[in-house]
1. Past the 21 Å Cα-Cα mark, which pairs from Lys63/Lys104; Lys4/Lys48; Lys4/Lys38; Lys14/Lys51; Lys59/Lys98?
2. Would you mind ranking Val25, Val99, Val35 by Cβ crowding within 10 Å, fewest neighbours first?
3. Sum up the charges of everything whose Cβ sits under 12 Å from the Cβ of Ala34, counting Lys and Arg as +1 and Asp and Glu as -1, but leave Ala34 out.
Amino acid sequence: MLSKRLQIADMIAKGYKYEDIQNFVHVTGQTISAVNAKLEYGNDGLIKILKKLEKIDQKRQDKLEGKRSILAQPPGLGRSVSNIAVSEVGKLVRHHQKVESILKSKEKV
């Protein structure tokens, strides 16, 4: 339940409508209102957590970009391709693309 509340808080902070949040996260309007009240009148705990999660996500993205640039290099320059867990990079890329496409489709609605 905590993960859903964090996702709700993130979506509220990004300006999503209640209806979009309800459809995407599968929660009631009452839950969204409660999270919104915590954001508006709480002691900034949720905001601190969201900022921390954003920082972690940015580090993950930076690391992923670094792996992509290594993969783009011809073998013999820097690390060899055989030293990189290509399947793991692919999984991360596909997961991130899936999440981005879901969020973008919700923004268009």
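Every number in this text was worked out from the coordinates using simple rules, so none of it is lab data. Worth saying up front: this structure is predicted, and the values here are computed from it rather than measured. As a convention, Cβ positions derive from the backbone with ideal geometry for all residues, glycine included, and neighbour counts pool all protein chains shown.
1. On the way: Lys63/Lys104 23 Å; Lys4/Lys48 16 Å; Lys4/Lys38 14 Å; Lys14/Lys51 12 Å; Lys59/Lys98 19 Å.
Check vs 21 Å cut-off fails for Lys63/Lys104.
2. Numbers: Val25 16, Val99 10, Val35 23.
Fewest to most other Cβ atoms nearby, the residues stand as Val99, Val25, Val35.
3. Working: positive: Lys4, Arg5, Lys38; negative: Glu40.
Local net charge: +2.
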